[in-house]
Amino acid sequence: MSDSRLLAILVPLCLTLTACKPAGETNVEQQVIELEKKNQQNTAKPPGSSIPPPAALLDATGLAAKDERVEIVLLLPDTRIAMQEFQRNGLTTLVGRQAGYRLTTQDAADDAAKQMEQFRQAIAAKPVAIFVSPIDPPALAALIVEAGTAGIPVIGLDKRMLNEGCASIVFCEQRLVGRLAGQTVIEALKRKAAEEGAPEVTGRVLQLRGAEGHHTSDEIAAGFSEALQASPGVIIVHDSPAEWNAEKAAERTTEAFRLQKNFDVIYAHNDAIAMGAAKAAESAGQRENILIVGTDGLSGQKRGVELVQRGELDATIVQPALVDLALQIVLKMRSDKTFKPRPSYEIQPVVIVPKNADESFRTGTYKLPAL
């Protein structure tokens, strides 16, 4: 599938799948864009700038000021996954711009028992809030209650936490992410069939999951399969886990080409996987013939939105960061004692294709719901 033909397929799709400008409150995407612009302008320290003394020296001399800032704790399952690393870095930036606040983050390395211990440590530290993306939501239920009893609001970052006692949850429906990917694929293949005068819409699909048995990946896959059912001629002929890793994705894609020979579509459960697949397709001489759709659509250099903008990916499904709205909830709870957050806030995913990639890269993609 040539670049010009691919654009012809995808551009009309953008008329209905456009990016949403963020609401009035600043979100993670805007902060990342602003920071990278500043980094490009300030790549070196100005002449004569001084290097601050290390914290250890200040402590030893008694010159270090006591940190009076209140603490927010973020508990993540596994920051080896690109989205979770983005959440950590984005929230660090957002909290750093709030006077009087500091952030502590913990990575459980995909170990549920470790995350439970990190939660206990967080409660003991008496922060003003705990944000948690769970590995095993029911295992955290008693700790969430304990935190609430201690006056520490817990904001969940997963729909599965809806009945676990959180002050509120912020989530993106993962099946909807998969369904949007499936709809994007079908619309593109419909236009391809119309161009070729084919009597029916057909397509051979390679799906590259994040990891075998991973909840998020399973939900995305379920939604993707549901969407493809609307077009029986579009079938998944190869489905393989890539461990959220570009190198593994390239290996899995090479194996898939050996077994299946050719594909019309590759759908990957994050953009790193999609890029690994794209490189393998290029090596196999198949890239021009394949529509490659990623997931996450992170803002910033060499991330999903820019990869679509540069034509390295053909589309991506934006996963909202969630932590930006979680922070807004806590800040409002602390500034307005009459404010009671809703039990849950859903943020919609967004499809990014060449038509809306430029605007999305400049202004952000998803819209935060009002509190």
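Some observations on this one:
- Qualifying residue in the stretch 126-143 (condition: in the same structural domain as residue 273 (by TED's automatic domain parsing), within 22 Å of residue 321 (Cα to Cα), aliphatic (A, V, I, L, M) and at pLDDT 95 or above): no
- Checklist (1) assigned to a loop (DSSP other than H, G, I, E, B); (2) farther than 26 Å from residue 251 by Cα applied to residue 211, failing item: (2)
- Test: residue 301 is exposed (fewer than 15 other Cβ atoms within 10 Å of the Cβ), of a type in the set (S, T, N, Q) and either touching a residue at least 40 places away in the same chain (Cβ under 8 Å) or not assigned by TED's automatic domain parsing to the domain that holds residue 102 (or both): yes
- Among the numbered conditions (1) touching a residue at least 60 places away in the same chain (Cβ under 8 Å); (2) crowded, with 24+ Cβ neighbours inside 10 Å; (3) not polar (S, T, N, Q), the only one that residue 278 does not meet is (1).
- Residues of the stretch 82-140 that turn out to be in contact with a Lys or Arg (Cβ under 8 Å, 6 or more places away or on another chain), closer than 15 Å to residue 166 by Cα and crowded, with 19+ Cβ neighbours inside 10 Å, as a count: 2
- Selection within the stretch 355-370: residues that are basic (Lys, Arg) and over 16 Å from residue 171 (Cβ atoms). The member of this set that is surrounded by the fewest Cβ atoms within 10 Å (Cβ to Cβ) is 362.
- Applying the criterion of being in a loop (DSSP other than H, G, I, E, B) and touching a residue at least 12 places away in the same chain (Cβ under 8 Å) to the residues of the stretch 215-242, the residue that is nearest to residue 157 (Cα to Cα) is 242.
- Close pairs from the stretch 176-193: first closer than 14 Å to residue 217 by Cα, partner of a type in the set (Phe, Trp, Tyr) and in a helix (DSSP H, G or I), Cβ under 9 Å, at least 6 apart: 177/224; 178/224; 179/224; 181/224
- Counting only residues that are part of a helix (DSSP H, G or I) and either of a type in the set (Val, Ile, Thr) or outside the structural domain of residue 103 (by TED's automatic domain parsing) (or both), the stretch 325-371 holds 12 of them.
The values are calculated or read from the model by the stated rules, or taken from the named source; none is laboratory data. Keep in mind that what you see is a predicted model, and the values were worked out from it rather than measured. Methodologically, a virtual Cβ is constructed for each residue, glycine included, from the backbone with ideal geometry; neighbour enumeration extends over all protein chains shown.
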